[in-house]
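Asks: Pasting a structure here, questions to come.
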Amino acid sequence: MRSVIRVSLIGISASLLAGCLGSPSSQTVPGGAIGAYHGVASSRDRPIITERVLYAFGRRSGDEPAAGLINVNGTLYGTTSQDGGTGKFGSVFEITPSGTLTVLHRFAGAADGAGPRGDLIDVNGILYGTTRNGGPQDDGTVFKITPSGTETVLYRFTGRDGQLPLAGLTIVHGVLYGTTAAGGAYNAGTVFRITTAGTENVIHDFRPSSAPDGSDPEAPLANVNGVLYGTTLQGGTNNLGTVFRVTTSGREKVIHNFSGGVDGEFPGGITNVGGTLYGITSGQYFDYGTVFKITTSGTETVLYNFAGQPHDGAYPSGRLINIGGTLYGTTLNGGSDNMGTVYKITASGGETVLHSFLDNPDGAQPFARLTLMNHVLYGTTAYGGAQGQGTLFSLTSSR
């Protein structure tokens, strides 16, 4: 059953929120600066970046949104990885640009699935996604859901064919492809394909002791002219992760092994921009992560090394998105309060922090990629906000 919930961060209407740039639910900072909470005067050559919280997640709507949003005909759709109202199994929701959120489906666990973390994908008006748990062995599921909230489980993993599908799906010629972070023949993860009717096949089992291959693929695949490219969080020659390519028939090859240090370690999602792939490494401890680019033949270049708190982000998370040749992304930590940032980076490596999160009221730790709709960036934080369980925010520029 669909339940409609209208709430703003501090209990005011969405229309009032949209008009109150100086209210406690918005921050205004000059581009390239990390501003104070109540706003900073801008210089002539810097656009003013305004961040607004459109929704604060909590018990009634689910919590910990860890996936990116998807725009379908002017409405945003997403998931929460937990659901405080019914056993913490997660939910699928829709939200209007003004902040009206509707819960479309609450996962029930077991056969229905639990804990969606990957982005949804729109295929002919139907949304497809994955849950990390659920199914007969609690190894995860693939599901579809209509915009009206009718949900169907298409496939339940059993371990031998993969477990823990943490990433969203990618479509190639009408067939969906994805990864599982574990399971498979060598318990190191898989690449699988599944039809929209639910027929599933494993096309590659990762085998880190052979070749050497990667292991633990947690990020979605990128389609470049019908060939799939992805990353493994671990494995490879240095056990610090890889970039690989795999054909739809299952021929797989590692094209880059991360070496740590300046090169980065533990890669996340990659994005196809005109045939060149751009991605992030998450880093650890005092290695704060990188942005890199790599050709389809495997020539890798590090574009930027993050510096961490207080002036830069740390530990980049969601996939980059390309807007007019500039890439936009998020970091889990760093920024003025070490609660994460939104940043942009040019193709040549010039990086600018656009927003630093402050936990309450505007959220903390944005895990997911951003989404552009009508010249406005939308995103989520997994934690923080008025109820401490995540937020949905927008970023706009005055010029």
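The values are calculated or read from the model by the stated rules, or taken from the named source; none is laboratory data. These numbers were taken from a predicted model, which means no experiment stands behind them. Ideal geometry is used to build each Cβ from the backbone, glycine not excepted, and the neighbour counts take in all protein chains shown.
Asks: In the range 23-111, which strands (runs of 3 or more DSSP E) lie fully inside it and hold 3 or more residues that are at pLDDT 95 or above? Talk me through it step by step, then tell me what you get.
Replies: Values: elements: 26-30, 48-56, 70-72, 75-80, 91-95, 100-106.
Ranges flagged: 48-56, 70-72, 75-80, 91-95, 100-106.
Asks: Does the range 212-227 hold any residues that are in a loop (DSSP other than H, G, I, E, B) and among the aliphatic types (A, V, I, L, M), and which are they?
Replies: Taking the range 212-227 as the starting set, the residues that turn out to be in a loop (DSSP other than H, G, I, E, B) are 212-213, 216-221, 225-226.
Residues satisfying the conditions are Ala219, Leu221.
Asks: Working only within the range 333-348, note down all residues that are modelled with pLDDT under 95 and crowded, with 24+ Cβ neighbours inside 10 Å.
Replies: Matches in the range 333-348: none.
Asks: Checking the conditions here, which among Tyr155, Tyr177, Tyr186 is over 19 Å from Gly115 (Cβ atoms), not in a loop (DSSP other than H, G, I, E, B) and not β-branched (Val, Ile, Thr)? Spell out how you get there, then give the answer.
Replies: Working: Tyr155 fails: over 19 Å from Gly115 (Cβ atoms); Tyr186 fails: not in a loop (DSSP other than H, G, I, E, B).
Testing whether each residue is over 19 Å from Gly115 (Cβ atoms), not in a loop (DSSP other than H, G, I, E, B) and not β-branched (Val, Ile, Thr) leaves just Tyr177.
Asks: Follow-up. Examine the range 257-269 for a residue that is under 23 Å from Gly390 (Cα atoms) and either in a loop (DSSP other than H, G, I, E, B) or of a type in the set (Asp, Glu) (or both), and state whether such a residue exists.
Replies: Here is the first cut: in the range 257-269, the ones under 23 Å from Gly390 (Cα atoms) are 268-269.
Within this subset, residues satisfying the condition of being either in a loop (DSSP other than H, G, I, E, B) or of a type in the set (Asp, Glu) (or both) are none.
Looking for residues that are under 23 Å from Gly390 (Cα atoms) and either in a loop (DSSP other than H, G, I, E, B) or of a type in the set (Asp, Glu) (or both), one finds none in the range 257-269, hence no.
Asks: Name the single residue that is surrounded by the most Cβ atoms within 10 Å (Cβ to Cβ) among those in the range 126-160 being in contact with a Phe, Trp or Tyr (Cβ under 7 Å, 6 or more places away or on another chain) and among the charged types (D, E, K, R).
Replies: The selected residue is Asp139.
Asks: Oh, and also: Given the structure, is Thr271 under 28 Å from Ile323 (Cβ atoms), without any contact (Cβ under 8 Å) to a residue 24 or more places away in the chain, of a type in the set (Val, Ile, Thr) and touching a Lys or Arg at 6+ places or on another chain (Cβ under 9 Å)? Steps first, please.
Replies: Numbers: under 28 Å from Ile323 (Cβ atoms): yes; without any contact (Cβ under 8 Å) to a residue 24 or more places away in the chain: no; of a type in the set (Val, Ile, Thr): yes; touching a Lys or Arg at 6+ places or on another chain (Cβ under 9 Å): yes.
No; evaluated as a whole, the condition is false for this residue.
Asks: So the check is Cβ under 7 Å with 6+ separation or different chains; which pairs have a first residue in the range 198-209 that's assigned to a strand (DSSP E or B) and a second one that's among the aromatic types (Phe, Trp, Tyr) and modelled with pLDDT of 95 or more?
Replies: Glu200/Tyr155; Glu200/Phe192; Asn201/Phe192; Val202/Phe192; Ile203/Phe192; Asp205/Tyr186
Asks: Here's another thing I want to ask about it. Gly329 is checked against (1) part of a strand (DSSP E or B); (2) surrounded by fewer than 23 Cβ atoms within 10 Å (Cβ to Cβ) and fails just one. What number does that condition carry?
Replies: For Gly329, the exception is condition (2).
Asks: Still on this structure: Can you pull out the residues in the range 274-295 that are surrounded by fewer than 16 Cβ atoms within 10 Å (Cβ to Cβ) and either in contact (Cβ under 8 Å) with a residue 40 or more places away in the chain or aromatic (Phe, Trp, Tyr) (or both)?
Replies: Of everything in the range 274-295, those that are surrounded by fewer than 16 Cβ atoms within 10 Å (Cβ to Cβ) and either in contact (Cβ under 8 Å) with a residue 40 or more places away in the chain or aromatic (Phe, Trp, Tyr) (or both) turn out to be Gly275, Tyr285, Phe286.
Asks: If Gln309 satisfies all but one of (1) surrounded by fewer than 17 Cβ atoms within 10 Å (Cβ to Cβ); (2) assigned to a loop (DSSP other than H, G, I, E, B), what's the number of the condition it fails?
Replies: So Gln309 meets the others, but not (1).
Asks: Kindly evaluate Asp362 against the criterion of being over 27 Å from Gly58 (Cβ atoms), of a type in the set (Asp, Glu), touching a residue at least 40 places away in the same chain (Cβ under 8 Å) and touching an Asp or Glu at 6+ places or on another chain (Cβ under 8 Å). Before you say what the answer is, go through the steps one by one.
Replies: On the way: over 27 Å from Gly58 (Cβ atoms): no; of a type in the set (Asp, Glu): yes; touching a residue at least 40 places away in the same chain (Cβ under 8 Å): yes; touching an Asp or Glu at 6+ places or on another chain (Cβ under 8 Å): yes.
No.
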